[in-house]
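What follows is a short report on a single structure.
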Amino acid sequence: MTVRQNHPIGVFDSGMGGLSILRALRRGLPNESFIYLGDSARLPYGTKSKETVIAYAKQASEILMEKGIKALVVACNTASGHALDEISEMLAPRPVIGVVKAGSLAAVKASEESGILVLATESTINGGAYEREILSLSPKTKVYGRACPLWVALAEEGHSMPKTSLQELAVPVVRHGIRGFSKTPNTVLLGCTHFPVLASYLTAQLPRGTKLVEAGETVASELDVVLKNNDLLNADSDKSPVVSYIATDNRNRFLKVGQFFLGEKIDHVELVQIGGVGGRQY
Ligand code: DGL
């Protein structure tokens, strides 16, 4: 299949957290159409083995490939860390970019060779992708990693709680995540799609002046360059770009929780079954 400039860009995450990456991409590339896939049937990826993450990520990317995307952004940090090579090979010649490189670049720029604390899922931290990427960009930087598995659940469930209840829960959970780092390095990287919605609670627990970094804007700049280099940037600003959404399970939950991460209402979500699971409507 020939890919054209007016084809959409795929964005894939294990769930809805990647909608915050989509938001940054839409801001940075306003002429582009996007198809977002959240693998809601199989979230979380962050507690799974590398092999399982690769298998899941390839299946999800295949669905987007069949929808005719011209490029893919792997918004899920766990999938970017484990499966970027496999997905790139499968989608070639379409360009594929992940969030690990962009997040690392943003963190290295902010830290100016002092330390970086990476907060991410267990699978991302154990796989060491951020550490490798940061050290390849800045070998003198000290990199610390901390898995914060509870934060994913808190970010997903927080939307349905009154703000005061969320605050009551978020403070100890966030504190627990950064335990032992009473004096954190000057830069803290949010290496998980779900963490930006907890940023205000985290900032309140960090020493004043700590820089909190996320990948969104850097991914948008990288995508812009990659599309230009591949002659795939949509120069046609006359037609309104289209953004569509796919969930692999529980469409109603996606409609309800998704807006919390996207920052705006989602009107329609297509339901697709994946790997023989999901595809249920509630
Ligand atoms: N999307 C995942 C990531 O960014 C977080 C949620 C999960 O564990 O699936 O690593």
Q) Taking into account only those residues within region 49-72 that are surrounded by fewer than 21 Cβ atoms within 10 Å (Cβ to Cβ) and part of a loop (DSSP other than H, G, I, E, B), which is farthest from the ligand (Cβ to nearest atom)? A) G68
**Q.** Restricting region 136-181 to residues that are over 23 Å from the mean Cα position of the chain (by Cα), of a type in the set (S, T, Y) and over 25 Å from S80 (Cα atoms), the residue that is farthest from the ligand (Cβ to nearest atom)
**A.** T164
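Restricting to region 1-29, give me the number of residues that are more than 13 Å from the ligand (Cβ to nearest atom), closer than 14 Å to G216 by Cα and either in a loop (DSSP other than H, G, I, E, B) or within 12 Å of the chain's Cα centre (by Cα) (or both).
Residues flagged as more than 13 Å from the ligand (Cβ to nearest atom), closer than 14 Å to G216 by Cα and either in a loop (DSSP other than H, G, I, E, B) or within 12 Å of the chain's Cα centre (by Cα) (or both) within region 1-29 amount to 4.
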Q) Does I266 meet the test of being buried (at least 17 other Cβ atoms within 10 Å of the Cβ) and free of Cβ contacts under 8 Å to residues at least 60 places away in the same chain? A) yes
Q | Contacts under 8 angstrom Cβ, first residue in region 113-136 being within 16 Å of G177 (Cβ to Cβ), partner away from the ligand (no atom under 16 Å from the Cβ) and assigned to a strand (DSSP E or B), 6 or more apart | A | I116/V143; I116/Y144; I116/T187; L117/Y144; L117/T187; V118/V143; V118/Y144; Y130/V143
Q: Output the qualifying pairs, or none if there are none: Cβ atoms under 7 angstrom, residues six or more apart or on different chains, first residue in region 182-208 and within 24 Å of S80 (Cβ to Cβ) and in a helix (DSSP H, G or I), second residue within 16 Å of the ligand (Cβ to nearest atom) and among the polar types (S, T, N, Q).
A: P196/S20
Q) Given the residues L91, L119, L105, which is the only one that is within 16 Å of the ligand (Cβ to nearest atom) and either within 30 Å of G209 (Cβ to Cβ) or at pLDDT 95 or above (or both)? A) L119
Q | Selected residue (criterion: nearest to K101 (Cα to Cα)) from residues of region 30-48 that are in a loop (DSSP other than H, G, I, E, B), small (G, A, S) and within 16 Å of the ligand (Cβ to nearest atom) | A | G46
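The values are calculated or read from the model by the stated rules, or taken from the named source; none is laboratory data. Everything numeric here is computed off the predicted structure, so don't read it as measured data. All Cβ positions, even for glycine, are placed from backbone atoms using ideal geometry, and neighbour counts span all protein chains on display.
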